[in-house]
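Step one of this worksheet: look at the structure below.
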Amino acid sequence: MDILLNTYLATLDPADMAAGRRLVNRILDQGKAPEAVIDEVLVPAQVEVGRRWQENEYTVPQEHAATAVTDAVLATMAARSPRDASIHGRIVTCCVEGEWHTLPLRMLTDSLTMRGHDVVFLGPSVPAAQLAGFLRSVDPVALVVSCTAANGLVGARRTIEAGHAAGVPVLIGGRGLGADSTRADNVGADAWAANAAGADAVLTEWARHRPELAHPCDVEPEQAELEHPRPSLVDDCLGVLLDRQPGLRAMTDSQLERTREDLAFIMQFCSAALACCDPTVLDDFTVWLRDLLAPRGVAAAAIVAGYDAIAAVLGEGFPVTVGMLATASSTIATVPPTP
């Protein structure tokens, strides 16, 4: 890792906000551009925080404390960075409907502001039904939306539709979109950006020439049923799982409820894969889930058992989803653990 990044990460372990602020102020005093600090230090630091949580090196409180340091540092940078000169026009930024991870959006928003964009920040999970009217009232150059978790891709479609209903082009980014523009294109976004520099380039061009609005892919009818699975459907899946894995009947009520939540969560990722016409959404989630559970002592076979139970309940009425579940199960054995 870069020495500067390592130095910043050292302030996160004890959650030392003062040390984080002092370090970033010193970097800025030495002449480094604030947007470069965000892109080269804060963003990769948060990726590392996420990795530590996933690999069970951080507890949830430790992850929250480390994230709070970066949040405080952003506020410090905003207070000392010039923001009065807007040279590219107004944009609106928000998380897609159903997405509550705001820090990636805040870092992008601040970085774009520092690059000369006039930004209206709306924050987490903006209701799509109310978004179009707001966009008409402010008439922005673009709507920029963040999707950190792939299960937000269903909400991404609705958020993009709201932007288009107001005649506003939509740029989307975030880890939930994967490594290229495929998912963004399929949910109807007008552009995808991997980072703030890429977003800046697209938005600067749109300020000069507004693009024609794109269209999303057609969605399988199975998608709507799985977005918010009926309690009875989840209970049926749990029943099949318990029949096939009798040892699980010893679980406490709390553990059973958590298992219900997990089964519903898996179906929501199936819905997300269908919403963006990309089965690799479920494949990626499966590998992530395997790597998340392994350090916590949960075998990959438990994931396969859950997938098989869901597939058995869905049956012939959900052929696309059942096929995705079978393919995703195979990735557990074929895709090596994340280094």
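The values are calculated or read from the model by the stated rules, or taken from the named source; none is laboratory data. Just so we're clear, the structure is a prediction, and the values are computed from it rather than from any experiment. Here the Cβ is made from the backbone with ideal geometry for all residues, glycine too, and neighbour counts use every protein chain on show.
Quick look at the numbers
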read-out: Count - residues of region 106-125 that are in contact (Cβ under 8 Å) with a residue 60 or more places away in the chain and not basic (K, R); value: 7
read-out: Which numbered condition D235 fails, given (1) farther than 30 Å from G116 by Cβ; (2) modelled with pLDDT under 95; (3) part of a helix (DSSP H, G or I); value: (2)
read-out: Count of residues meeting criterion [over 11 Å from D278 (Cβ atoms) and in a loop (DSSP other than H, G, I, E, B)] in region 156-188; value: 8
read-out: Count of region 231-258 residues which are buried (at least 19 other Cβ atoms within 10 Å of the Cβ) and under 27 Å from the mean Cα position of the chain (by Cα); value: 2
read-out: Pick from region 254-265, criterion among the hydrophobic types (A, V, I, L, M, F, W, C) and touching a helix residue (DSSP H, G or I) at 6+ places or on another chain (Cβ under 6 Å), ranking: farthest from P229 (Cα to Cα); value: L263
read-out: Test: residue in region 44-63 that is closer than 24 Å to G174 by Cα, among the small types (G, A, S) and not assigned by TED's automatic domain parsing to the domain that holds T102; value: yes
read-out: Neighbours by Cβ (under 9 Å, 6+ apart or cross-chain): first from region 69-86, at pLDDT 65 or above; second among the aliphatic types (A, V, I, L, M) and not in a helix (DSSP H, G or I); value: V69/A15; S86/V119
read-out: Test: W100 is closer than 30 Å to V154 by Cα, in a helix (DSSP H, G or I) and among the aromatic types (F, W, Y); value: no
read-out: Filter pass, D283 being of a type outside the set (F, W, Y), modelled with pLDDT of 90 or more, buried (at least 20 other Cβ atoms within 10 Å of the Cβ) and outside any helix (DSSP H, G or I); value: no
read-out: Sole exception among (1) touching a helix residue (DSSP H, G or I) at 6+ places or on another chain (Cβ under 7 Å); (2) surrounded by fewer than 15 Cβ atoms within 10 Å (Cβ to Cβ) for H228, by number; value: (1)
read-out: Options V47, V69: the member that is part of a helix (DSSP H, G or I), under 25 Å from the mean Cα position of the chain (by Cα) and loosely packed, with under 15 Cβ neighbours inside 10 Å; value: V47
read-out: Residue under evaluation C94, criteria (1) at pLDDT 95 or above; (2) under 13 Å from the mean Cα position of the chain (by Cα); (3) assigned to a loop (DSSP other than H, G, I, E, B), criterion not met; value: (3)
read-out: Criterion: at pLDDT below 95 and within 20 Å of V154 (Cβ to Cβ) - qualifying residue of L325, L289, L293, L314; value: L289
read-out: Pairs, first within 12 Å of R80 (Cβ to Cβ) in region 20-44, second outside any helix (DSSP H, G or I) and modelled with pLDDT under 95, C-beta under 8 Å, six or more apart; value: P34/S81
read-out: Total residues in region 133-148, condition surrounded by fewer than 19 Cβ atoms within 10 Å (Cβ to Cβ) and either in a strand (DSSP E or B) or not β-branched (V, I, T) (or both); value: 5
read-out: Test result for A191, within 27 Å of E35 (Cα to Cα) and either in contact with a Pro (Cβ under 6 Å, 6 or more places away or on another chain) or surrounded by fewer than 16 Cβ atoms within 10 Å (Cβ to Cβ) (or both); value: no
read-out: Subset of region 4-38 [of a type in the set (D, E) and either over 20 Å from E63 (Cα atoms) or in contact with a Pro (Cβ under 7 Å, 6 or more places away or on another chain) (or both)]; value: D29, E35
read-out: Extreme residue, surrounded by the fewest Cβ atoms within 10 Å (Cβ to Cβ), among residues of region 83-112 that are out of contact with any helix residue (DSSP H, G or I) (no Cβ under 8 Å at 6 or more places or on another chain), over 13 Å from V145 (Cα atoms) and not aliphatic (A, V, I, L, M); value: D84
read-out: Qualifying residue in region 206-229 (condition: at pLDDT below 95, outside any loop (DSSP other than H, G, I, E, B), closer than 30 Å to V43 by Cα and assigned by TED's automatic domain parsing to the domain that holds G89); value: yes
